[in-house]
Structure formats: C-alpha cells, structure tokens
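So the structure is just underneath, and the comments pick up after that.
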Amino acid sequence: MTDKETKYDAVIVGAGVSGLFMFYKLKNMGLSVLVIEKSDELGGTWNWNRYPGARCDIPSLEYSYQFDEELQQEWNWSEKYSAGPEILEYLNHVADKFDLKDYINFEEEVIQAKFNEDSCLWSVSTNRQKYVTKFCIFATGCLSIPNKPEIPGLESFEGELLHTATWPREEQNFTDKNVAIIGTGSSSIQTIPEIAKDVKNLYVFQRTPNYSIPSNNGPMDKDVEAQVKARYSEFRKENSLNGFGLASLSDEAMISESDLEEVNSQFEENWNTSGLAFFGGYADIPVDVNSNEVAANFVRNKIKEIVSDQETAEKLCPKYHIGGKRLCVDTGYFQTFNRENVHLIDLNASPIKNVNSNNIEADQDYEIDVLILATGFDAMTGALTSLDILGRNEVNLKDQWKEGAKSYLGLGVSNFPNLFTITGPGSPSVLSNMMPSIEQHVNWIADCIGWMSENNKSVIESTKTAEDEWMELVNEIADMTIFTSTQSWYNGSNIEDKAKAFLPFIGVPVYTEKLEEITAAEYQGFIFDKSN
Ligand code: NAP
C-alpha cells in the first residue's frame, strides 16, 4: 500500500438516497467508511434531474425514509407529491441531522474497482487517488446514466442542447424561444406542461406515446398527514405487503369477474384520485391481457376527451399494454396539446432526417433555439457497466453481464466478493417504491456485514448457481405478466447493443419473504471465505 492509498472498511459509491442511508448505518456500526460522490452536491437523482416540473410520482408520505421515528415525524411535506427541490432539501436535512456531509468526498469520480485475490481487498481508483477497502458498495442508482442516442447531425447543432437527466442548476429562460424536445417518457411528460407556458413554440418529437394518469397533486392534506404520522410504522408495514410496495395498490377485485359498467365508474374515480395507483386498481391489470386492454382503453378514451384535435389525440394514444412501459403521472400533460404553441411530431410517420445548426429536419424543417433530449437512461446496469469493476481473475463486470445482468437478490454478484449493489438487477427496485426498497437493501447489507464480523467471516460472495436460479425466477414471474411483452427500459430495449433481459423482480412481498428465508438460513446461496 502506498502513502496515498487510504484503507477503509467500506467504500460507498454515490451520495443519493441509498448512499446516504448506507453511510449512516455503517458509521453507526463504528466502521471506517468513505463515500465518493461525482457531483459537488448530494441527492443523486434529485440532484441531476433538475428539469422544470421534476417531481416524485410516489406520494410524499411514502417517498421518505422510515429508519428514524423523529425524522419521519418532524419533516412536513408541502404537497401530496413532492417537487424535486423539496426532496433535495429533505435529503440535505437528513445529511445535516445525522452529520453525514463532512465524510463525503464530493467531485470525485470512481474509475475502477479491482478485487485483489491475495489480500481479499478492493482497490478503488478515482480521478484523484486510490483507496483500499474491504467492502465496496455501489449506491449508484437504477436510473443515473443518461441515454444519449445517436441522432444524425446532432453534433452540428449550434443552439442550446440540454438533457433532462443532466439539467443545469441555473434557471433556463425559454421565453419566446423555439424549443424541441425528443422523447415522451416520464421526464418529458413532467416538463412539457411547464416549458410550454413560456416558449414561442414547443415541438414534441414522439417515437412511442405513453400512458399517463393525472397526479391530482395539491397541498398536503394536514388531516391525512396527521393520520399517517399517528401510525407511521403500521402504514409503512401495510404498504410493504402490497405488490408494488405502495399504498392503495392492494385491490383484490378482478376486471374479468366484474361488471364493465362498474369497472369504468371505478376507473373514473381512480383517474380523479390515484396517480400510479391506477395500475393496481384491479389485480388482473398486470397479468390478464383482456383486463389490461379494458384499463388501456379507458385511458385512451380519456386522452381523446382531453385533446381537442382528434388526429393529435390518436397519435398520443399508446397501442401496447398499459404498464408495459413505466406508467407516467402528470400535471396537465395531455391538456398541453390544446395549446396553439405546442406541436406533436410523430417520428414513426416522419423520422428525424438530420439535425442542423439551427433546425431539425423531419416531415418539414423545424427552426429551433433549444433542443432538449428527454431520452432516458441506461437503466439498472448502466452505472455499474460504465465503470471498470474487476472481480476474481480480473473478470470485468461489464463482460460478465454482456448477455444479460445476473445478480443474486439484486445484492451480490458471483466473482465479485464483498461487493454489494443497492437495488441491483433482480430486486423490486424500479417496480416498487424506491425508498423502502433502498432501506431494505441497506439494512440487509449492514446486518450481513455485522453477522460476518460476529461469525469471523471475511469474504462473502454469491454462487453462480444461486444467481442463475434467482434470475430464472425473476423471468418466470415476469413471464406471467404483461411486462415482458413491450419494449422498454425494464428489458434493455432502449439501449442499442444492450442484452435484452428483463431485470426487476416483480412483487415486493414475495421478494421480502425470499430474502428473509435466505437470511434465516445463514445466507443460503452465498459462500463465505472461498479459497482462491
Ligand atoms: P424514458 O421513459 O426511457 O423515456 C425516454 C423517451 O425518449 C422515450 O419516449 C423514448 O422513445 C425516447 N427516445 C429514446 N431514444 C430516442 C431516439 N433515438 N429518438 C427518438 N426518441 C427516443 O426516460 P425518462 O422519461 O427519463 O424516464 C425514465 C424513468 O425515470 C421513468 O420511467 C421513471 O421510472 C423515472 N422517472 C420518474 C419520475 C418521477 O418520479 N416522477 C420522473 C421522471 C423519470 P421509445 O419509448 O420509443 O424508446
């Protein structure tokens, strides 16, 4: 070890929601821990995605930490769904309250992590220096590497080029400008109504339309907040027993067994109250294509009611199963297309031929000052495969995952001893409320490290068999649903050259049950202190 190589018990990569809590846990266990964060601020997703309209589509009372009773009682959210800046304020409050900030190395970027089989330690190299650590924990998020697709001529554009996932901190002034946005996923659906208010023209370049449900956002209902806070832990527990780990997604009723008139009137109520929970309004929407079509049709009819121009409305109507791509939640998205300054361009009918210095050529030339890419992320694996993570025999994680990411429980990967991922592939992660899923993983990792210490184990590693069987289960479950029938970032379809494999585990309660069983059986499927 050279003078510059500082040794830690654990290095945590990332200071977002998961990195902060992981650090809190390990610090309290008395471990020496370093957190490395690429940005000059904490917050992860909420730090990077600062586009106008950025808002969490999980209710504020659920999208918050539960590990500290005082914290969950003292913090008051101003709205039913929190805007990005308020979530950042909350995360800063958490970091201040628990004295976390001073131990984070900001503006430092991990380039390589390499396992040394002789010492059983990791060497973590950054743009600044090298660290040696026993445990290497990736808290790098599921949606953190922006997808920047190859669009012909993009490099010749001379106007302002923005990506929703790397939005500048300074306020952008679009007044009287011609703005184009490419992509119509959640980020775009949130930002379009905000941007449309100021611009001269907004050109929306759409490849695939999305289903979106109104958020029905508003100021926090103080009575609801008080009721939840009076029984916060029971509320959290109840939510964790629902399929997606969210409140009010537990309806057992089936469309296939219900009267259609009643279904439609229930949908009407859900449309006006529920946001994402619309998808869970009936238990068979995710699993029965006919029932799914009833829900999909309800939303298509809503789009046609809201959007005045029926040609535009038709283009905005998705044709695939509702939920196949991540459902969106909006504030006035479809209504925005009734504005005279908003224009929808269907890329299927007329693809982008070229981007020039000041225009986009498609069915016609669109002169623009600003071009916004709202083109998503290399989801679930991108943050790990964009680094060099070298395990046993110097195998690179990106090579091991070339044919599809395999992980045991979304927590550990064979050949990568003492490496943990928080909400990795094969865990509910993006198909759940991320906050409790993150807390579940952080608690598990901390407990596992504690157990290893008590039981004189130095190295943990998942077996290839456990990992293979786990990913088979992930896919077996997914194949029973509509999720695998649509091209989406859940299965890598949005990134050229990425293996097309479905990655999230569907079903929070089943996942929790399995995780608890495996843990109780002394970490079945993991091996400890494997000899080289
Ligand atoms: P996304 O859902 O992946 O949407 C990307 C959009 O860009 C899609 O419409 C895609 O079209 C389009 N696109 C990609 N490459 C293109 C190309 N070469 N030419 C034309 N169009 C192209 O990304 P996102 O909107 O950033 O959202 C990602 C996820 O982040 C969400 O699903 C959600 O989980 C999360 N998120 C959450 C919130 C929230 O909590 N409120 C907000 C924002 C994001 P295709 O569909 O045809 O590929």
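Among the helices (runs of 4 or more DSSP H) contained in segment 430-532, which hold 2 or more residues that are within 16 Å of the chain's Cα centre (by Cα)?
Result: 434-454.
For (1) on the phi < 0 side of the Ramachandran plot; (2) hydrophobic (A, V, I, L, M, F, W, C); (3) open to solvent by 40 Å² or more (accessible area, probe 1.4 Å); (4) without any contact (Cβ under 8 Å) to a residue 24 or more places away in the chain, each residue gets a yes or a no:
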| site | (1), (2), (3), (4) |
| --- | --- |
| Val459 | yes, yes, no, no |
| Lys464 | yes, no, yes, no |
| Trp470 | yes, yes, no, no |
| Val474 | yes, yes, no, no |
| Ile477 | yes, yes, no, no |
| Thr484 | yes, no, yes, yes |
| Tyr511 | yes, no, no, no |
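Show the residue pairs meeting these rules: Cβ distance below 7 Å; 6+ apart or different chains; first residue within segment 55-66 and under 16 Å from Pro219 (Cβ atoms); second residue of a type in the set (D, E, K, R).
Hits for this filter: Pro59/Lys80; Ser60/Glu79; Ser60/Lys80; Leu61/Glu225.
Here is a list of conditions, (1) touching a residue at least 40 places away in the same chain (Cβ under 8 Å); (2) open to solvent by less than 60 Å² (accessible area, probe 1.4 Å); (3) of a type in the set (Ser, Thr, Tyr), and Ser258 meets all of them except one; can you say which number that is?
The one condition Ser258 does not meet is (1).
Please go through (1) touching a residue at least 24 places away in the same chain (Cβ under 8 Å); (2) within 16 Å of the ligand (Cβ to nearest atom) for Ala349 and return the number of the only condition it doesn't satisfy.
Failing condition for Ala349: (1).
Criterion first (within 16 Å of the ligand (Cβ to nearest atom), modelled with pLDDT of 95 or more, open to solvent by less than 10 Å² (accessible area, probe 1.4 Å) and within 19 Å of Gly281 (Cα to Cα)) does Cys328 satisfy it?
yes
Looking only at residues that are at pLDDT 95 or above and hydroxyl-bearing (Ser, Thr, Tyr) in segment 331-352, which one is surrounded by the fewest Cβ atoms within 10 Å (Cβ to Cβ)?
The qualifying residue surrounded by the fewest Cβ atoms within 10 Å (Cβ to Cβ) is Thr331.
Which residue is nearest to the ligand (Cβ to nearest atom), if the candidates are limited to segment 52-103 and must be assigned to a loop (DSSP other than H, G, I, E, B) and more than 24 Å from Ser432 (Cβ to Cβ)?
Here the answer is Pro52.
Looking only at segment 218-241, which residues are open to solvent by 80 Å² or more (accessible area, probe 1.4 Å) and more than 26 Å from Gly53 (Cβ to Cβ)?
Hits for segment 218-241 are Asp223, Gln227, Ala230, Arg231, Glu234, Lys237, Glu238, Leu241.
Please determine, by comparing only the residues of segment 363-373 that are of a type outside the set (Phe, Trp, Tyr) and either without any contact (Cβ under 8 Å) to a residue 24 or more places away in the chain or more than 16 Å from Glu150 (Cβ to Cβ) (or both), which one is surrounded by the fewest Cβ atoms within 10 Å (Cβ to Cβ).
Per the stated criteria, the residue is Gln364.
Among the numbered criteria (1) in contact with a helix residue (DSSP H, G or I) (Cβ under 7 Å, 6 or more places away or on another chain); (2) farther than 30 Å from Lys177 by Cβ; (3) open to solvent by 30 Å² or more (accessible area, probe 1.4 Å), which single criterion is violated by Pro52?
Condition (2) is where Pro52 drops out.
Being at pLDDT 95 or above, among the aliphatic types (A, V, I, L, M) and open to solvent by 10 Å² or more (accessible area, probe 1.4 Å), is that true of even one residue in segment 390-403?
yes
Are any residues in segment 296-316 charged (D, E, K, R), in contact (Cβ under 8 Å) with a residue 24 or more places away in the chain and open to solvent by 30 Å² or more (accessible area, probe 1.4 Å), and if so, which ones?
Asp309, Lys315
The values are calculated or read from the model by the stated rules, or taken from the named source; none is laboratory data. Everything numeric here is computed off the predicted structure, so don't read it as measured data. Quick reminder, even Gly has a Cβ in these numbers, built from the backbone with ideal geometry, and neighbours come from all protein chains shown. Calculation scope for accessible area: heavy atoms of the full protein, side chains included, ligands and nucleic acids excluded. Shrake-Rupley method; radii C 1.70, N 1.55, O 1.52, S 1.80 Å.
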